[in-house]
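**Student:** First the structure, then my questions, so here it is.
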Amino acid sequence: MSQDRNRRSGVSRRAFVAGSGAATLSLLASRTVAGETIDLGLAGGGGERSMTTAFPQKGKMILQRTRPPLLETPLEVFDDGILTPNDKFFVRWHWANIPTEIDAEAFRLVVRGEVNLNLNLSLADLQAMPAVDLVAVNQCSGNSRGLFSPRVPGGQWGNGAMGNARWTGVRLKDLLDKAGVKTGAKTVRFNGLDEPVVPDGPDFMKSLSVDHARDGEVMVAYAMNGEPLPLVNGFPLRLIVPGWYSTYWVKMLSDIEVIAQEDDNFWMAKAYLIPDTPFAAVKPGETGYKSVPINRMLPRSFVTNLKAGAKVPANAPLVLRGIAFGGDTGVGRVDISRDHGATWQATELGKDEGKYSFRRWQASVAPAPGAQQIMVRCTSASGATQPGETYWNPGGFMRNVIEAINFTAA
C-alpha cells in the first residue's frame, strides 16, 4: 500500500459529481447483445449465457442474473492487462433494492457505536484525509461455483467472478482512530445502501475483528483505477479487505459501527460459512463438521490467451500467458505442466504490483501434433500450492483446483 500524506487523491470532487449524475441504474434492464452467447462449460451443462450491455458504466459482460445484478467478466479480459477495466469488472449484489442514483454532495459516511466521537463524513472530508493506493484482487466467494460437481445452489459462475484494481481511498484505521475506539470493543460492522426486498429480509452487513479492521491495510475506497467507482461496483464508497473474499468488500458503504461483541447478524452467523477443514472440503452429504465464516483467499492461476478446444500449429513456438494471485500473500512461482502433472516447468513472472494483486506469467512451448493439455499451478509466497484434486463443499466456495486447458496441435 502506498501513501502520500501531503497530497489528495487525483479523483476530484467534480469527478464524483459527474460520476453520480451519470450513474442511473435500471435493474429491470434486460438488453442483451443480439444473438451473442457464451458457454461457460459448467459441470453438468447449462452453461450458456447471454452477453449484455444493459447496465450503466458497463461494457459487454456475461449476464448471470438481472435482479439483483450478477455480471461476470469474460476470461479474455484478463489477458489485456493486470488491472481489470472498470467497465468489465464483475458485479455481485445480494438484494435487488439498490439506489439507482446517488447525490455525491449529500452523501455521508457514519462511524458510530463504541467510539469516543461519532463521525459524519462527506466525500470531501474523506478526500481531505491522507490518501492511500492498493492494488488488490476482488474475488467472489463463489467464483467458479458452476464447475462444482455435484452441483450446489447459488450463482453458477464460471471463472470470471473476480477482478483486480488499483483502489484509492483512506485507511480504515485512520477513520477508527479519528473516532476513537473504546476499550473493550470487539468488532467493526459495515453496512451499505442496499436494502432487503422483503420486510423480514436480513440487511446485508459484514464485520471484521477490531484488530483486523485496524491493521492498516483494510481501507475505504472512493476510486478504482483512478476513477470514481461505477455505481454497480459500489459508488461512492467500498470497503476493501485485501486478501479476503469479496463478501466482506461492502459496496455503497454508508455505516461503520463498532460493537462490543461478536457479530451475530445473518450474514456472519448463518451465511458464507465454510467447513473448518483444509481447503474447506467435505464429502457430499457429510454432516457434523464445524463451520466458520469464510475468510482468506487461496492461490489461483489461469491461462488467458488460449481457449479450451483451440487449434494451434504443431511444432511451432507457442507463447502461453496468464494471471495468478497468491490468495492472501504474493505469488511465489507459477508452473505449467504438459504431461498431466507428472512434471512441471517454471514460468517467467511479470511485474509485481504487490502481494494482493494479479501477476502475469508467461512461458513458451512447442506442442507436438495431436491432443494437448496445459495445466497451470500457482504457489504463493507463503508456500501454499493449488491442489490437483477438486475439493467440494455445499456452498460452492473457495474453488482453487489446478486449472487445465485441452487443445489440439496440427
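**Student:** Looking at region 279-294, which of the residues that are free of Cβ contacts under 8 Å to residues at least 24 places away in the same chain and over 20 Å from Lys186 (Cβ atoms) is surrounded by the most Cβ atoms within 10 Å (Cβ to Cβ)?
**Tutor:** Only one residue fits best here, namely Ser291.
**Student:** Could you list, in sequence order, the residues of region 120-139 that are outside any helix (DSSP H, G or I) and either of a type in the set (Phe, Trp, Tyr) or within 20 Å of Tyr248 (Cβ to Cβ) (or both)?
**Tutor:** Val132, Asp133, Leu134, Val135, Ala136, Val137, Asn138, Gln139
**Student:** Hey, among Gly142, Gly201, which residue is farther than 18 Å from Tyr248 by Cα and open to solvent by less than 30 Å² (accessible area, probe 1.4 Å)?
**Tutor:** None of the other options fit; the residue is Gly201.
**Student:** Same structure again: Identify, please: which residue in region 295-312 is open to solvent by 10 Å² or more (accessible area, probe 1.4 Å), assigned to a loop (DSSP other than H, G, I, E, B) and not hydroxyl-bearing (Ser, Thr, Tyr) and is, among those, nearest to Ala161 (Cα to Cα)?
**Tutor:** Applying the filter and picking the extreme gives Leu298.
**Student:** Cβ contacts < 7 Å: first residue free of Cβ contacts under 8 Å to residues at least 60 places away in the same chain, restricted to region 56-72; second residue in a strand (DSSP E or B) and surrounded by fewer than 16 Cβ atoms within 10 Å (Cβ to Cβ), any location; separation 6+ or different chain. Result?
**Tutor:** As it stands, the answer is Lys60/Val33, since those pairs meet every condition given.
**Student:** Still on this model: Return the only residue of Val77, Val111, Val17 being assigned to a strand (DSSP E or B) and either surrounded by 14 or more Cβ atoms within 10 Å (Cβ to Cβ) or at pLDDT below 95 (or both).
**Tutor:** Val111
**Student:** In addition: Anything in region 360-395 that is in a strand (DSSP E or B), out of contact with any Ser or Thr (no Cβ under 8 Å at 6 or more places or on another chain) and either buried (at least 19 other Cβ atoms within 10 Å of the Cβ) or without any contact (Cβ under 8 Å) to a residue 24 or more places away in the chain (or both)? List them, or say none.
**Tutor:** Arg360
**Student:** Further question: Mind listing just one residue for me: the one in region 319-332 that is part of a strand (DSSP E or B) and either touching a helix residue (DSSP H, G or I) at 6+ places or on another chain (Cβ under 9 Å) or open to solvent by less than 30 Å² (accessible area, probe 1.4 Å) (or both) and, of those, farthest from Arg399 (Cα to Cα)?
**Tutor:** Leu320
**Student:** How many residues are assigned to a loop (DSSP other than H, G, I, E, B) and more than 27 Å from Asn143 (Cβ to Cβ) if we restrict to region 245-261?
**Tutor:** 2
**Student:** Sort out which residues of region 45-63 are touching an Asp or Glu at 6+ places or on another chain (Cβ under 7 Å), farther than 18 Å from Glu227 by Cα and crowded, with 20+ Cβ neighbours inside 10 Å, and write them in order of number.
**Tutor:** Met61, Ile62
The values are calculated or read from the model by the stated rules, or taken from the named source; none is laboratory data. Note that the coordinates shown come from a computational prediction; the quantities given were computed from them, not determined experimentally. Cβ atoms come from the backbone with ideal geometry, glycine included; neighbour counts cover every protein chain shown. In case anyone asks, the SASA skips ligands and DNA or RNA and just uses the protein heavy atoms, side chains included. Shrake-Rupley method; radii C 1.70, N 1.55, O 1.52, S 1.80 Å.
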